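All remarks here apply to the structure that follows.
The values are calculated or read from the model by the stated rules, or taken from the named source; none is laboratory data. This one's a predicted model, so the numbers in the text were calculated from it and none came from an experiment. With ideal geometry, Cβ positions are generated from the backbone for all residues, glycine too; neighbour counts draw on all protein chains shown.
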């Protein structure tokens, strides 16, 4: 068999060919990340594959840069394996005590990893396209949420300088508040403005007339200081916040529409369209996990175990060596299934109440224990294509 290791980069890819005995068949070479480079790789593979027959190609899941080359090779009917960079990193470090790292060494480490694990690896299949589409959508969703959080933090910081009294008396992120701050970002801007004009922008508030008078009063006695730069900054941050919030709402609609075809995952208590899309998108092909324990470790929820001689670690923490999006999603799903006021009765909630009744564990510890059971249930559902069964 011929094993091809590809170290992915943005503009070029480094490649090494080895055989079953780890002998280098084709010396390290580089291709450009374009059509010319892809054709060059195809030609090199064809020229080397005749004596070997089967070709196994490995590459790391490096952001988005591997996707075009991966799809090109799959269209040519090659077996392509996308590998977690952490696994190949361990393989490279285990091969030598030296801390040398080059693109050539990385490509060889990838090829070697495929050689050593070819029987347990599962090649990427085009059927995973829909899961990748979900993953891309959810990564965008969480990215915009991060930007919303960042904008809110900056708006609070600026208000503390420019108009601290507004921050103490009103929710600065309510729709009416944002409209007010867009029109009148500093206390001086309220000079000469009628209370009725302000009230029209606060129609979402039940006591908008009272609120308008309060804004006028605190603006006239504000200790805040502003300059041209801060005024520009708070105005631009509010515009950015509104823009990101609108994008998130549009994404939610798209995600819900997409999840209409994946209602099975949403039969689990605590799992809605957002959480369900995250789980499906980040999991990908469930068959690449040999058992539920491997799948659980992929979440990074497995405990750290450390033993040496007579020493044993008494209190272990979760490894967090896994997918951060999955870990966050499953924790939120478990928490909702256990403590949400309107959630239906389910086995996770019953186990949570039973464990909490003993009084010897913290709430978060119990929720993580429930999350483990939930991951095992998800694994069984995805593996066998069944709905959630509360009795199992």
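Contact map, segment 344-359: first residue in contact (Cβ under 8 Å) with a residue 24 or more places away in the chain, second residue surrounded by fewer than 18 Cβ atoms within 10 Å (Cβ to Cβ), Cβ cut-off under 7 Å, separation 6 or more or different chains; pairs are 346/390; 347/390; 348/373; 349/343. With respect to residue 29, is the statement that it is in contact (Cβ under 8 Å) with a residue 12 or more places away in the chain, surrounded by fewer than 16 Cβ atoms within 10 Å (Cβ to Cβ) and assigned to a strand (DSSP E or B) true? Yes: the conditions hold for residue 29.
For every residue, the table says whether it meets (1) in contact with a helix residue (DSSP H, G or I) (Cβ under 7 Å, 6 or more places away or on another chain); (2) free of Cβ contacts under 8 Å to residues at least 60 places away in the same chain.
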site	(1), (2)
107	no, no
110	yes, no
116	no, yes
133	no, no
137	yes, no
141	yes, no
159	yes, no
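With respect to the conditions (1) over 22 Å from residue 153 (Cβ atoms); (2) in contact (Cβ under 8 Å) with a residue 60 or more places away in the chain, residue 193 lacks only one, and its number is (2).
The number of residues in segment 363-387 that are touching a residue at least 12 places away in the same chain (Cβ under 8 Å) and farther than 17 Å from residue 332 by Cα comes to 8.
More than 21 Å from residue 289 (Cβ to Cβ) and either at pLDDT 85 or above or out of contact with any helix residue (DSSP H, G or I) (no Cβ under 8 Å at 6 or more places or on another chain) (or both) - does that describe any residue in segment 78-88?
Residues of segment 78-88 more than 21 Å from residue 289 (Cβ to Cβ): 78.
Among the residues that remain, those that are also either at pLDDT 85 or above or out of contact with any helix residue (DSSP H, G or I) (no Cβ under 8 Å at 6 or more places or on another chain) (or both) are: 78.
So far as segment 78-88 goes, yes, one or more of its residues are more than 21 Å from residue 289 (Cβ to Cβ) and either at pLDDT 85 or above or out of contact with any helix residue (DSSP H, G or I) (no Cβ under 8 Å at 6 or more places or on another chain) (or both).
The single residue among 105, 45 that is surrounded by 15 or more Cβ atoms within 10 Å (Cβ to Cβ), part of a helix (DSSP H, G or I) and at pLDDT below 90 turns out to be 105.
With the checklist (1) modelled with pLDDT of 80 or more; (2) closer than 23 Å to residue 323 by Cα; (3) in contact with a strand residue (DSSP E or B) (Cβ under 7 Å, 6 or more places away or on another chain); (4) surrounded by fewer than 18 Cβ atoms within 10 Å (Cβ to Cβ) in hand, flag the one item residue 62 doesn't pass. Here residue 62 clears every test but (1).
Kindly establish whether residue 149 is over 30 Å from residue 289 (Cα atoms), modelled with pLDDT of 90 or more, under 22 Å from the mean Cα position of the chain (by Cα) and surrounded by fewer than 15 Cβ atoms within 10 Å (Cβ to Cβ).
Details: over 30 Å from residue 289 (Cα atoms): yes; modelled with pLDDT of 90 or more: yes; under 22 Å from the mean Cα position of the chain (by Cα): yes; surrounded by fewer than 15 Cβ atoms within 10 Å (Cβ to Cβ): yes.
Considered against the rule, which asks whether it is over 30 Å from residue 289 (Cα atoms), modelled with pLDDT of 90 or more, under 22 Å from the mean Cα position of the chain (by Cα) and surrounded by fewer than 15 Cβ atoms within 10 Å (Cβ to Cβ), residue 149 comes out as yes.
If the requirement is being at pLDDT below 90 and more than 24 Å from the chain's Cα centre (by Cα), which of these qualifies: 359, 322? First the steps, then the outcome.
Numbers: 322 fails: more than 24 Å from the chain's Cα centre (by Cα).
None of the other options fit; the residue is 359.
Any residue that is at pLDDT below 85 and more than 23 Å from the chain's Cα centre (by Cα) - is there at least one of those in segment 125-132? No; the residues of segment 125-132 include none that is at pLDDT below 85 and more than 23 Å from the chain's Cα centre (by Cα). Of all residues in segment 1-26, those satisfying the criterion of being closer than 14 Å to residue 66 by Cβ and either in contact (Cβ under 8 Å) with a residue 60 or more places away in the chain or more than 33 Å from the chain's Cα centre (by Cα) (or both) are 4, 5, 6, 7, 8, 9, 14, 15.
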